[in-house]
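Asker: Sharing a structure with you now.
Please treat every number below as a calculation from the coordinates, not as lab data. All figures in this text were calculated on a predicted structure; none of them were measured in a lab. Note: ideal-geometry Cβ built from the backbone for every residue, glycine included; neighbour counts use all protein chains shown.
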């Protein structure tokens with residue numbers, strides 16, 4: 001039996017375990033990336049490991065999230081990131097150079113290699129044939145230090161694409177269709193491998209749009225083969241030497257298969273407040289919009305922005321609609337300027353922002369109170385845009401352009417003849433804003449601003465855990481619910497003590513005071529707890545507030561890892577969820593013994609005088625991490641022991 005593409009790449013990087021679905025494996029990591037919202041913490045953790053130089057083939061640090069620099073904290077973090085990168089052998093992409101995923105795709109991604117990034121949309125580079133996985137910053141720090149990345153072997157799902165996209169349909173409509181079919185938990189424990197004759201007509205930017213938003217399915221990652229389309233993309237980027245053909249064997253097998261007829265797709269849209277709340281654009285057309293934001297790591301390529309510019313050329317955006325354009329990289333910005341599209345956008349009345357994440361993570365362009373914002377982004381969780389009561393829709397660049405013209409949600413097919421963008425033949429290659437590491441690290445002084453604080457410390461797991469249920473939550477709680485993004489919060493990403501005061505700010509404004517008053521306790525949640533961003537701060541800040549365990553029906557992959565890495569015990573509840581209320585006092589005895597032996601944990605609901613047995617489902621390695629009080633303690637102990 002032949003191998004699929006995922007098996008080939010994982011097999012070539014396997015350092016421990018066996019490729020059996022559900023089994024824990026360790027893989028070597030070729031490349032890493034961090035960004036400024038996660039990178040400061042990741043590098044502080046890396047420094048704590050006392051490693052003199054990164055041990056990956058390539059590591060890149062991007063400043064793309066906190067680029068508004070509305071206070072000295074963000075600027076201080078950027079100085080730290082640039083100097084720490086120079087000292088430890090990491091390339092630094094300066095503010096203004098672009099969004100990490102777009103830049104990495106253009107300048108660094110290599111087919112067949114592994115990439116671990118401290119951003120959940122790292123799978124973007126799967127569009128170029130990489131196994132690219134998002135994770136918490138500590139996992140990336142371990143990889144930079146030469147350690148393997150551990151994961152549970154995902155089920156490989158073949159998505160067979162047939163036909164060609166019809167007029168005004170786009171790659172965004174492919175992934176929105178999948179989200180409609182599978183929901184935000186449909187990819188849990190899976191890798192989506194795309195194949196079929198339909199992939200030949202999809203460019204690398206289109207493929208990367210699909211793999212990028214695979215994160216919203218809960219997938220470990222998504223991947224396309226490396227073929228002649230990939231080769232041409234790398235040729236345009238003057239990196240053809242990095243190309244290699246990679247695909248599945250003809251007789252490859254898969255754990256599951258699906259088909260999508262591209263020719264049958266029509267423009268789709270995700271309604272508030274979930275990427276999985278998808279319907280046809282026709283079903284909501286006519287809805288008044290106040291704002292249209294085009295960009296993000298999902299839809300900010302040259303191809304995307306050229307389509308928008310062609311739609312808007314010679315026309316005027318209505319006075320009651322604000323339209324912003326965020327190019328994905330400086331290269332994209334220079335290309336649309338060279339080809340006249342930038343002028344067309346400006347003349348139409350669009351506001352052109354710098355190449356950065358910007359509005360996608362609430363850094364500027366917060367919609368008016370109760371407004372409707374249509375965005376080409378990947379997430380529309382409540383409050384993520386910076387406003388707790390805005391209505392955010394997600395759609396393609398084509399739908400966004402049509403809507404920008406009319407001021408109401410508009411199906412782009414109403415524009416008439418579709419626009420065809422010729423493939424890019426020659427890119428502008430200018431890496432001046434990518435700073436290579438220092439040739440002599442001994443001469444580099446790492447600059448640390450006053451906001452950069454020491455890592456919070458946690459002791460080993462206690463034998464008895466006791467406390468109140470501090471908060472009871474429903475299904476699909478995102479990391480944006482747990483710890484918001486935006487200008488107010490992102491400034492404190494290198495200061496856990498300061499950032500912890502924002503935990504559950506949009507959910508329960510009294511949570512922090514309650515947690516402090518009770519000296520910690522437990523959180524109870526429904527399914528898919530911790531979906532969305534990879535921000536490990538959503539685990540570290542609750543840990544700082546004394547959260548000892550999270551009880552949930554199920555966990556999102558990255559957040560579960562981050563809880564374990566922070567020394568917080570993840571426990572699975574089923575029917576017991578309905579028997580526990582906020583304020584109930586729980587007591588767990590012989591916890592260390594149960595974790596060590598892989599046994600369920602006996603839990604007493606002291607308030608209701610009920611007993612439960614809850615599973616932790618930790619692998620032996622994960623159990624050791626929790627027992628040590630987190631991954632950093634575990635790594636340091638291992639280094640001392642070695």
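Asker: What is the gain in length, in nm to one decimal, between residue 264 and residue 610 on full extension, counting 0.36 nm per residue of separation less the C-alpha to C-alpha distance?
Answerer: 119.2 nm
Asker: Now, a different point. Can you give the calculated 222 nm mean residue ellipticity of the chain, where each DSSP H run of n ≥ 4 adds -39,500 (n - 2.57) and the sum is split over every residue, rounded to the nearest 500 deg cm²/dmol?
Answerer: Per the formula, -8000 deg cm²/dmol.
Asker: Which whole-number percent is the relative contact order of the chain (Cα, under 8 Å, 6+ apart)?
Answerer: 14 percent
Asker: Mean separation of Cα pairs under 8 Å and 6+ residues apart, divided by the residue count of segment 268-415: what relative contact order is that in percent?
Answerer: Worked out over segment 268-415, it gives 35 percent.
Asker: Separation of segment 484-500 and segment 1-66 by C-alpha centroid, Å?
Answerer: Rounded to whole Å, the Cα centres lie 25 Å apart.
Asker: Also: Over its Cα atoms, what ratio of radius of gyration to 2.2 N^0.38 Å does segment 102-237 give?
Answerer: Compactness ratio reported: 1.02.
Asker: For a protection proxy built on the mean count of beta-carbon atoms within 10 angstrom, sort 412-421, 115-124, 362-371 highest first, please.
Answerer: 115-124, 362-371, 412-421
Asker: When you count, for each residue, the other Cβ atoms within 10 Å and take the mean per peptide, how do 532-540, 517-525, 451-459, 93-101 rank with the highest first?
Answerer: 532-540, 93-101, 517-525, 451-459
Asker: Further, regarding this structure: Considering only DSSP beta bridges whose two residues both sit in segment 5-264, what percent are antiparallel, to the nearest 5?
Answerer: If I count the DSSP bridges inside segment 5-264, around 20 percent turn out antiparallel.
Asker: While we're here: Give me the Debye-computed log₁₀ of I(q)/I(0) at q = 0.20, 0.21 Å⁻¹ for segment 174-274, equal point scatterers on Cα only, no solvent, two decimals.
Answerer: Result of the Debye calculation: -1.13, -1.21.
Asker: Right, another one. Whole angstrom only: what separates the Cα centroid of segment 303-339 from the Cα centroid of segment 233-299?
Answerer: Centre-to-centre distance over Cα atoms comes out at 20 Å.
Asker: Rounded to the nearest 0.05, what FRET efficiency do residue 575 and residue 624 have when you use their Cβ-Cβ distance and R0 = 25 Å?
Answerer: With a Förster radius of 25 Å, E is 0.25.
Asker: Let me ask something additional. Restricted to Cα positions, what overall size does segment 268-415 have along the principal axes? Three whole-Å values, descending.
Answerer: Sorted largest first, the three principal extents are 38, 31, 26 Å.
Asker: Over the Cα atoms of segment 465-641, compute the convex hull volume and normalise it per residue, giving Å³.
Answerer: 109 Å³
Asker: Expressed as a fraction of 2.2 N^0.38 Å, the rule-of-thumb size for a compact globular protein of N residues, what is the C-alpha radius of gyration of segment 115-179?
Answerer: 1.44
Asker: Nearest 10 degrees, 0 to 90: what angle lies between the long axis of helix 72-88 and the longest principal axis of the chain (Cα atoms)?
Answerer: Value to nearest ten degrees: 90.
Asker: For the chain, take the longest principal axis of its alpha carbons; what is the angle in degrees between that and the long axis of helix 36-48, to the nearest 10 within 0 to 90?
Answerer: That works out to roughly 40 degrees.
Asker: Using only the Cα atoms of segment 5-264, what do you get for the radius of gyration and for Dmax, in Å?
Answerer: 18.1, 57
Asker: If I take every Cα pair under 8 Å that is 6 or more residues apart in segment 465-641, average their sequence separation and divide by the length, what percent do I get for the relative contact order?
Answerer: 22 percent
Asker: What fraction, in whole percent, of alpha-carbon pairs in the chain exceed 46 Å separation?
Answerer: When all Cα pairs of the chain are counted, 12 percent exceed 46 Å.
Asker: On to the next question. By average Cβ neighbour count within 10 Å, what is the ranking of 300-311, 566-577, 209-220 from highest down?
Answerer: Descending packing order for the listed peptides: 209-220, 300-311, 566-577.
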